[in-house]
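Presented below is the structure to which this report refers.
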């Protein structure tokens, strides 16, 4: 930052709606990047959930990568949080592990060796979302206050170009308003602010469903080959695919079966229901009947409480060049939703927050900062969404189309659609 007391945000107010991965990363990065010699902006961060409710939401693992200088784990290192994140990680990526695309007989058609940024001993980690969020919350609350259980009711632009955000305290019902120069929408997939500023921008179903669960063999030597170390996608060649992910380096695996399903299920799956659990296992076996062992073994040893059935959803990313978005920036899932076929939404949210903060500090105006943010964030989000669709398209090929794709993959080609 140039030592110019007239920085466009100096003494201004920023309201951040959403204390999730993107919003918290933004606040931390802004506070860390700001020149202490220049009067800082006032930052107000609110979240619709209570503190404990927020920390306990999302009981699943995230993958954070360190494969490029722009990766989330590298950004967290720059915020001084890498030690805390690594300490909470479920596992660090095995540098010897390889991602595969297998056929139904588990013949490897294509391999991808994960990269690692210099200075890191691992190309990534898996961490519980709750653990990562706790690290970020603690770091932010050491610097500033988070207004928990405070929901956004409305937001509008005033004649002078500033924004007025209407808030409500859930405990008391009291309402308040904040006028700001920058509104950061980090309020997730079901974003209230997106409904206000982009009401036609809705999450869409891809026409597929993912069912699966976890298996714990206790140690990696007990896991069936080739899953003692490696992971990847298994293509049945009949329109059904599976994926297996290493949840730790000691034989804990996550399997999923993906198939086309044009109509959403009328009843939500309840993994506490024994009959529903058995029906899900039967469905997985029947759907993936073309895929050989060890998938049937994984299905048979699945822990009931880890099972799921979810419709696959996605939403395209967007930029902020429209006049109605002046002074409003959407980050993380509030901006776009990456499907489970790519499954890097948490990683992208952290990167979005850090990128936006850095550009706001570095650029001479809000318009320039927003344009620079869009150039970086829109490109990587769009790339991830396209990669997810490419994987989806390839995974569900059948007949002669799969025969051709299989030949291309074996010859070192790319996934369909790239």
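What to note about this one:
- Put simply, of 325, 348 the only residue that is touching a helix residue (DSSP H, G or I) at 6+ places or on another chain (Cβ under 7 Å), closer than 30 Å to residue 6 by Cα and modelled with pLDDT of 95 or more is 325.
- Subset of segment 212-230 that is outside any loop (DSSP other than H, G, I, E, B) and in contact (Cβ under 8 Å) with a residue 40 or more places away in the chain - its residue that is surrounded by the fewest Cβ atoms within 10 Å (Cβ to Cβ): 216
- On the stretch given as segment 304-319, residues that are out of contact with any helix residue (DSSP H, G or I) (no Cβ under 8 Å at 6 or more places or on another chain), in contact (Cβ under 8 Å) with a residue 60 or more places away in the chain and more than 22 Å from residue 232 (Cβ to Cβ) total 3.
- Filter pass, residue 368 being closer than 28 Å to residue 35 by Cα, free of Cβ contacts under 8 Å to residues at least 12 places away in the same chain, part of a helix (DSSP H, G or I) and over 21 Å from the mean Cα position of the chain (by Cα): yes
- Test: residue 72 is at pLDDT 90 or above, under 23 Å from residue 249 (Cβ atoms), in contact with a strand residue (DSSP E or B) (Cβ under 7 Å, 6 or more places away or on another chain) and crowded, with 17+ Cβ neighbours inside 10 Å: yes
- Only listed residue being in contact (Cβ under 8 Å) with a residue 24 or more places away in the chain, part of a strand (DSSP E or B), crowded, with 21+ Cβ neighbours inside 10 Å and touching a helix residue (DSSP H, G or I) at 6+ places or on another chain (Cβ under 9 Å), chosen from 244, 209: 244
- Among the residues of segment 41-66, those that are in a loop (DSSP other than H, G, I, E, B) and at pLDDT below 95 comprise 56, 57, 58, 59, 60, 66.
- Looking only at segment 69-107, residues that are in a helix (DSSP H, G or I) and under 19 Å from the mean Cα position of the chain (by Cα) come to 10 in all.
- Restricted to strands (runs of 3 or more DSSP E) entirely inside segment 148-204, those with at least 1 residues that are exposed (fewer than 15 other Cβ atoms within 10 Å of the Cβ) and in contact with a helix residue (DSSP H, G or I) (Cβ under 8 Å, 6 or more places away or on another chain) are 150-157.
- Segment 40-68, subset more than 18 Å from the chain's Cα centre (by Cα) and exposed (fewer than 15 other Cβ atoms within 10 Å of the Cβ), residue farthest from residue 193 (Cα to Cα): 52
- Yes/no for residue 293 being in a loop (DSSP other than H, G, I, E, B), touching a residue at least 60 places away in the same chain (Cβ under 8 Å), over 26 Å from the mean Cα position of the chain (by Cα) and closer than 19 Å to residue 234 by Cα: yes
- Candidates are the residues of segment 318-336 that are part of a loop (DSSP other than H, G, I, E, B) and in contact with a strand residue (DSSP E or B) (Cβ under 9 Å, 6 or more places away or on another chain); the one that is surrounded by the fewest Cβ atoms within 10 Å (Cβ to Cβ) is 326.
The values are calculated or read from the model by the stated rules, or taken from the named source; none is laboratory data. Remember, it's a predicted structure, so these values are computed and weren't measured experimentally. As a convention, Cβ positions derive from the backbone with ideal geometry for all residues, glycine included, and neighbour counts pool all protein chains shown.
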